[in-house]
Amino acid sequence: MMADLLLALHLLGAVLWVGGMGFALLVLRPAAHEVLEAPQRLALAQAAFRRFFLIVWHAMPIVLLTGWALFFLWHGGFGGARWSLHLMHLLGLIMGLVFFALFFGPWAAMRRAMAANDRPGAARALESIRKLVLMNLVMGLIVVAFSGFGRIAG
């Protein structure tokens, strides 16, 4: 029962985090470029990422903590876990570090630039955010793929 609850929380957090990145890059960004001028795109990106990053600040610790709990309580720790779980663990840790770098680097720079009405600076920061979110999205999709593949491959 406890393992089921941990797994459900783990999966829900991962869906919010990875799904939010996919939505931001594959849906919101292209749609904003179709219908909005640059200043409105910057304002939309700032508002959307402010909300999304708040979700990530909650989802990321849930994903990491439930992942560790499952790793040690269900899979027998580092020695008993399949290689796919080690890969998921490594990529999850890297994704967390990338998020910290993104949040305290380009995201902070974008907020400062927007407050100072420095649109070119905000646009540069947003491009850095896009690249880091893309990096995390790719890693997140690999983790999702291996969460299923690892069950089969062992």
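Tell me, what are the semi-axes, in whole angstrom and largest first, of the equivalent ellipsoid of the chain as set by the roots of 5 times the Cα gyration tensor eigenvalues?
Equivalent-ellipsoid dimensions as semi-axes: 34, 14, 13 Å.
In a GNM of the chain with a 10 Å cut-off on Cα contacts, which of TRP17, TRP107, TRP57 has the highest mean-square fluctuation?
Result for the chain, Cα springs under 10 Å: TRP57 fluctuates most.
Multiplying the sequence separation of TRP68 and ALA43 by 0.36 nm and subtracting their Cα-Cα distance, what value in nm do you get?
Here the answer is 5.3 nm.
List the relative contact order of segment 65-154 as a percent without decimals, with contacts defined as Cα pairs under 8 Å and 6+ residues apart.
37
Starting from segment 65-149, pick out the trypsin sites (Lys or Arg not before Pro) whose DSSP state is loop and whose Cβ has at most 15 other Cβ atoms within 10 Å. Could the numbers behind the result be given before it?
On the way: sites: ARG82, ARG111, ARG112, ARG124, ARG130, LYS131; in loops: ARG82.
Passing both the DSSP loop test and the Cβ count: ARG82.
Express the relative contact order of the chain as a whole percentage, based on alpha carbon pairs under 8 Å and six or more residues apart in sequence.
31
Which value, in Å² and to the nearest 10, is the accessible area of ILE62 when all protein chains are kept and the probe is 1.4 Å?
Its accessible surface works out to 70 Å², give or take rounding.
Mind checking the alpha-carbon convex hull of segment 1-50 and giving the volume per residue in Å³?
Working: hull volume 2.9 nm³, N = 50.
Normalising the Cα hull of segment 1-50 by residue number yields 58 Å³.
Would you mind getting the accessible area per residue of the chain, heavy atoms of the protein chains only, 1.4 Å probe, in Å²?
Dividing the accessible area of the chain by its residue count gives 57 Å².
With every protein chain left in place and a probe of 1.4 Å, what is the accessible surface of ASP4, to the nearest 10 Å²?
Probe radius 1.4 Å; accessible area of ASP4 about 100 Å².
The values are calculated or read from the model by the stated rules, or taken from the named source; none is laboratory data. No experiment lies behind these values; they were computed from the predicted model shown. In this analysis, Cβ positions are derived from the backbone assuming ideal geometry, glycine residues included, and neighbour counts consider all displayed protein chains. When the accessible area is computed, the model is the full protein with side chains, heavy atoms only, and any ligands, DNA or RNA have been set aside. Shrake-Rupley method; radii C 1.70, N 1.55, O 1.52, S 1.80 Å.
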